[in-house]
1. Is it the case, given these coordinates, that GLU302 is of a type in the set (Asp, Glu), part of a helix (DSSP H, G or I) and without any contact (Cβ under 8 Å) to a residue 24 or more places away in the chain?
2. I want to confirm something. Restricting to region 226-279 and keeping residues that are in a strand (DSSP E or B) and in contact with a Phe, Trp or Tyr (Cβ under 9 Å, 6 or more places away or on another chain), which single residue is nearest to LEU291 (Cα to Cα)?
3. Assuming GLY192 fulfils every condition listed in (1) within 26 Å of GLY130 (Cβ to Cβ); (2) modelled with pLDDT of 95 or more; (3) in the same structural domain as ALA348 (by TED's automatic domain parsing); (4) of a type outside the set (Ser, Thr, Tyr) apart from one, which condition is it?
4. Which residues, counting only those in region 318-333, are under 18 Å from the mean Cα position of the chain (by Cα), in a loop (DSSP other than H, G, I, E, B) and among the aliphatic types (A, V, I, L, M)?
5. Give the residues of region 9-42 that are modelled with pLDDT under 95 and surrounded by fewer than 18 Cβ atoms within 10 Å (Cβ to Cβ), sorted by residue number.
6. In region 323-348, what residues are hydrophobic (A, V, I, L, M, F, W, C) and within 22 Å of LEU30 (Cα to Cα)?
7. In contact (Cβ under 8 Å) with a residue 12 or more places away in the chain, of a type in the set (Gly, Ala, Ser), in contact with a helix residue (DSSP H, G or I) (Cβ under 7 Å, 6 or more places away or on another chain) and assigned by TED's automatic domain parsing to the domain that holds VAL342, is that true of ALA33?
Amino acid sequence: MTRSSRLPLEGIRVIAIEQAVAAPFCSARLADAGAHVVKIERPEGDFARGYDDVCAGQSSYFVWLNRGKESLVLDLALPEGRQVLSDLIAQADVVVQNLKPGALDRLGFGLARLREAYPRLILCSISGFGEDGPMAGRKAYDLLIQAEAGLSSITGGPEEPARVGISVVDIATGATAHAAILEALIARSITGQGADIRVSMFDVMAEWLTVPLLQAEGGKPPRRLGLAHPSIAPYGVFTTKEGKAILIAIQSEREWAQFCAEVLRQQEKAADPLYATNVARVSNYAETAALVAGVFVSLTEEEAICRMVKADTAFASINDMAGLSQHPHLRRIMVETEAGPVACPAPAPIFIDAPRSYGAVPALGQHGNPKENTR
């Protein structure tokens, strides 16, 4: 069978009026799939270019999120810049933007007008709190939404809230926008009609927080437990004789029975009313943790792992970034940049019949400089 080397979004033209993380995450995935993505940057560039300088003087954020795109610098405060953008939109299939709500309207690119002028155009607008409501006009960044939506209240240890260690709101929002655009492209292939998609960071995180929200509204608000689980036990860190910390997870009563028999060597605990069900183990959390901890502290790391493997218990090492860097399951891709190649973690999807290559990260204005676009 002949395998096609054509990427699924080849021929799709995307204009990305974007900066930072959420929208660039979305458009990078479109570029990976073959879309022609033109990134519109201000004369000073996407401010994510300055977040750090760890990639041979370049920002790790920017290198990660902008491979395979063209960089076109436009000063949208000038008529010439707006005319170039207008010409690009007229030929586009998708426009992704994360400017402040109302900014495009003030520039003369109102979403309603664009939908009327280009019925096949798919518009995707990313914002902090949506287009209306009392907080719509606020600036919104990842950590602010983590706090505002309540994510930080269930993250960290018992003493105080904490930030999730990555830009989880931005990433979740970009992934949500990406999925919505793909749905709209499928729908357009059937109906011929484009779409006007609005994705707010707050909405994305609120939906992701459904379980803790419903738990709280049901009278059982989740607690901050560090590396433990508020709804499942035992699911946490236990320390071996030599001080090695191992994270374990028991997901079912069958797993608990195997764990009691093979790891704890106390098979009777599987039927003990104090521990027999997950609800009981969570209700008796301190007793459950003490039972498991008492056994682990009597075992070496090798002994504990041997028993867990025999019981088919899920467990993990508690790695840092050095551990991830050397992890046997870490796949990497080489991404070209103006300062040389950078080895990045590979995108998760593996297309067995169509292995992918990835485009270079553009220099600022590489595909159009300010002087050329403001004459």
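1. Spelling it out, GLU302 is indeed of a type in the set (Asp, Glu), part of a helix (DSSP H, G or I) and without any contact (Cβ under 8 Å) to a residue 24 or more places away in the chain.
2. The qualifying residue nearest to LEU291 (Cα to Cα) is PHE238.
3. That leaves (1) as the condition not met.
4. LEU330, the sole residue that qualifies.
5. The answer is ARG42, and nothing else.
6. The initial filter retains those residues of region 323-348 that are hydrophobic (A, V, I, L, M, F, W, C), namely 324, 330, 333-335, 339, 342-344, 346, 348.
Across region 323-348, the qualifying residues are ILE333, MET334, VAL335, VAL342, ALA343, CYS344, ALA346, ALA348.
7. no
The values are calculated or read from the model by the stated rules, or taken from the named source; none is laboratory data. The model shown is predicted, which means the values in this text are computed figures rather than measured ones. Neighbour counts run over all protein chains shown; Cβ positions are idealised from the backbone, glycine included.
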